[in-house]
1. For the range B:13-97, what relative contact order do you get, as a whole percent, if you take Cα pairs closer than 8 Å and at least 6 residues apart?
2. First select every other residue whose beta carbon is under 11 angstrom from the beta carbon of A:Lys289; then total the charges, Lys and Arg +1, Asp and Glu -1.
3. Quantify how much of the Cα-Cα distance distribution of the range B:486-579 extends past 15 Å, in percent.
4. What number do you get for the range A:108-153 when its Cα radius of gyration is normalised by 2.2 N^0.38 Å, N = residues?
5. Using only the Cα atoms, work out Rg/Rh for the range B:89-152, with Rh taken as the Kirkwood radius, to two decimals.
6. What shape does the range B:252-326 take by its C-alpha gyration tensor, where a ≥ b ≥ c are the square roots of the eigenvalues and a/c under 1.5 counts as rounded, a/b above b/c as prolate, and the rest as oblate?
7. Report, to the nearest whole %, how much of the accessible area of chain B belongs to carbon and sulfur atoms, 1.4 Å probe, protein only.
8. Give me the aspartates and glutamates in straight-line cross-link reach of B:Lys276: C-alpha distance below 12 Å, same-chain residues under 8 apart excluded.
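The values are calculated or read from the model by the stated rules, or taken from the named source; none is laboratory data. Only a predicted model underlies this, so the values are computations on that prediction, with no experimental measurement involved. Heads up, the Cβs are rebuilt from the backbone with ideal geometry, glycines too, and the neighbour counts pull from every protein chain shown. When the accessible area is computed, the model is the full protein with side chains, heavy atoms only, and any ligands, DNA or RNA have been set aside. Shrake-Rupley method; radii C 1.70, N 1.55, O 1.52, S 1.80 Å.
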Amino acid sequence: MPSIVKPVVTHPSLQRNQLGLTLRDYEGSMSTLCAGCGHDSITAAIVRALWEVSIEPHMLAKMSGIGCSSKTPAYFAHGAHGFNSAHGRMPPIATGANAANRELTYIGVSGDGDSLSIGLGHLCHAIRRNVKMVYIIENNGVYGLTKGQFSASADTGSKSKRGEANEMSPIDPVMLALSIGATFVARSFSGDKDQLVPILRAALAHRGFALIDVISPCVTFNDHTGSTKSYLYTRQHELKATEVDFVPPEKEILATIAQNGITSVTMHDGSVVQFKSVPADYDPADRQKATAYLMAQQSKGVIVTGLLFVDESVSDLHEMNRTSHVPLSRIPYENLCPGSAALQELQEDFR
Amino acid sequence: MRPTDVQNPNYYHKVVDCQWACPAHTNVPEYIRLIAQGRYTDAYMLNRESNVFPAILGRTCDRPCEPACRRTRVDGKPVAICRLKRVAADLRGEIAHLLPKIPDKKNGKRIACVGAGPASLTIANDLLPLEYEVTIFEKQDKPGGLMRSNIPAFRLPERVLFEEVNMILDLGVDARFNSPVNSMRDLLSQGFDAIFVGSGAPRGKDLEIPGRHDSERIHIGIDWLESIAFGHTDSIGERVLIIGVGNTAMDCCRSSRRLGGKDIKVMARRPRKYFKASPWELEDAEEESVEIVINYAPKNFVIENGQLKGMDFERLEWDADAKRSQTIDTVFLPADDVILAIGQENAFPWIERDLGIEFDKWDMPVVNEVTMEATRPGVFFGGDSAFGPKNIIWAVEHAHQAAISIHNLCQGIPTSDRPPYGMNLVSQKMGISEWSYHNDYNPVSRQKMQHVDLVERFEQLNIEVELGFTAEQTAREVERCLNCDIQTAFTGPRCIECDACIDVCPVQCLTITRDGEEMDLRTRLSAPALNLEQALYVSAPLPQTARIMAKDEDVCVHCGLCAERCPTAAWDMQKFDLLIPYAGKTACMTSCIPA
Ligand SMILES: Cc1cc2nc3c(=O)[nH]c(=O)nc-3n(C[C@H](O)[C@H](O)[C@H](O)COP(=O)(O)OP(=O)(O)OC[C@H]3O[C@@H](n4cnc5c(N)ncnc54)[C@H](O)[C@@H]3O)c2cc1C
Ligand SMILES: Cc1ncc(C[n+]2csc(CCOP(=O)(O)OP(=O)(O)O)c2C)c(N)n1
Ligand code: SF4
Ligand code: SF4
Ligand code: SF4
Ligand SMILES: [Mg+2]
């Protein structure tokens, strides 16, 4: 626990976004995580991305489950809505909230334990439903909050702090998501905001479910030699496969794409994700090629990062389920609940 | 960039903006903390070590520290450093037992000082404890120099002045009042081992325009103030024109107000932003209904039948940067008295020019800026006599340096051998997220000094206008200080590049990035500085990625959060104590007590 809250002072050259807000306006309360936790850096990247896209904090809903990672929504955007669900239950809560109010922007923050152990089923179905949200897995290979047991993302052979090796095979959220039809899949590293911030901005612009697996070292229980999720191991094994720039819709984009972009994807809202570099023979819009590439790299022990796959053509939850355009909170009560006579009438139809 | 050398005491010293700006390098943040703890006597003694006259300076210092104060860059107004010094002086306890002990035994070396102003008094203060005999020759009947004769009692009460001046005289100075030195040759022949000239800049500049010498009612500012101080003048006409807008002009106009002046105008040639007077002195004068008139150049005095009627002025129009002016017209302003306050000059009629003491083309002595020595060995200058009129704190600092030189000289060491500065660094870590200093500063605005009521203060000439801070104001003001001496110290090999420090810093001081030249690096900082005066603290390549840690010292608020959030204690908060050498006290040890 820090001794004080951050002083209110700001840097004299601090810039303001389109709403006139500074980066500091997107902060939350002081983090109570261990000093040096990767999760805090991801928080800082989220703060920056939200500031850059000039989102109004009250139009944001922060969703999470249980875990150190799931505590982090408290540490950004103090003006936003938030829901801290039971362990692993954030995806269904987010799905419900989304269906009830499509006007908000949803950011889910979860952990590898929360999403890949207890909440795995829920995660899969939120992916299948293409719930329009950013879904961040702060992946440290352990249950941080409960003192460092291996999680489902721990690599085979990775050692615990006490020296025991993990014998089970890991669940890789990226491969899992690709295999069940995810429409936006990325991996990044908490220690690399230059990469993470544009990915977050692209994810915010995505039409449906945007999964970002972020390697986020647990300094206290999983940053030792023998760990495959430490700062050092990640830096030694990371391969930045793709490099992206995010170009918001209002900018004149056509000219620059032709010059700088190897390939680019136009997002649902008109913004463009420019891939400045991708490996030869890699197409971030081709699920099969992406999967094959990732499998090949994985077998070499390489941690591939970058925005790995995007498909803007798939309908999202709202389109598939024809949800209300108007948030339920604004629909008059008589319409939402037309009374027992109307119920009676409906039931008659099924007789 | 080359990794920053933090072993050089100057590096961290510069981070302490106030201390760096203070000519005597007073340890401001430490004395402010001592006041916060109610340790007024300790705060006073810490001040006294470097600036010798805390009570006097706490009321009158030119305070170069304040415009430099970090708080100015962070959020507006500087910490009221000077008036906090007064708090320490006002509330201190008995200090007699803390003053330097003067040995009965003497070392046989005799030092002569000319003038009993702050410069000479500091020489005595520094050398008496080292067994020297110090003789001060003063032409007036009382000590203090311009502090007595020119700084009005409503700013500096006589009681306060006496107390600190006597503190030094009582150490055993051989003070000879009413003893003008009329010949340097004579003085040199009296067998002193060293001579210190602290005779000030005693001559007020004159204004040779028509009518100047045709009336008794045209006064030279510093002479006029002196005649008030010595009780020779106790009234002035109702309409007063002050020519010039420096600090002397401010004392003249406010003194006029107390001696019967009703319509007082301070006449300035140039626009307000080019004034020499400090902004706070202008404010104080305007509070007393003194009118400050800009762009008026004196043309001539108007005298009828031997009586001063007023003055003609040319009204000027200046170009953008006030370099060139055009005359618009000529205006007459009536006056009963005119006071000339257009500056001071040095004058050394008593120093013969064939003694090997060289003078330059402006008739100023040639003085070594480091040793304060004249071209004739054994003769030293300090204070206003050395390089022209400055202020009290410079006089003190000159004298500290001259005292070191004199001590060297008497020990047969070249005066150019200067004892180095040293430093102490002590970790402030008490536990996890616990520091031995208060790392949360108070965001309130600067406390406003209360003044004696506008009617009451004019009833007597010597009513001190400033009331001093109340206990509540003091409590708030001390917590405004950012503790710039509690330094962020970095141990690169420990860093795992987790970014925690970077993310937590409230003012985006920190950046991990690839190395480069300073100008390029500055463009890649988390938040590029507007002020380039403060340095970048750059590490050697970091272990994991070979990038470097760069800290921009500019607006760090010394909150310690970087060190709290660092998992490996690569950042630590360490109290920096500048060890200043004085005569007979070397400070060349450097020590570091890390966490
Ligand atoms: C009106 C006015 C207001 C000021 N206000 C401030 C202020 O608020 N804050 C500030 O920091 N500074 C102020 N100053 C400047 C400050 O007073 C001087 O810079 C400072 O006093 C210089 O100290 P000194 O020891 O060099 O000389 P001085 O204080 O000038 O002392 C020189 C002494 O030498 C004596 N003397 C001169 N010649 C001889 C001789 N031949 N033989 C024997 N004795 C001799 C003089 O009588 C005098 O006592 C002010 C100056 C003036 C004129
Ligand atoms: C239903 C339920 N089962 C078990 C727990 C205990 N528990 C709390 S956090 C956690 C794991 C969190 O791991 P992860 O999501 O990876 O978060 P991290 O702390 O590593 O960021 C577990 C098992 C719980 N809170 N609720
Ligand atoms: S904040 Fe305090 S330590 Fe820093 S410059 Fe101002 S007075 Fe000095
Ligand atoms: S002490 Fe550290 S965190 Fe605080 S302002 Fe300075 S560099 Fe930033
Ligand atoms: S918090 Fe410590 S370990 Fe982390 S980047 Fe900063 S200095 Fe390095
Ligand atoms: Mg985890």
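1. 35 percent
2. -2
3. More than 15 Å apart: 57 percent of the Cα pairs in the range B:486-579.
4. After normalising by residue count via 2.2 N^0.38 Å, the value is 1.16.
5. Value, to two decimals: 1.04.
6. oblate
7. Carbon and sulfur together cover 50 percent of it.
8. In chain and number order, the partners are B:Asp62.
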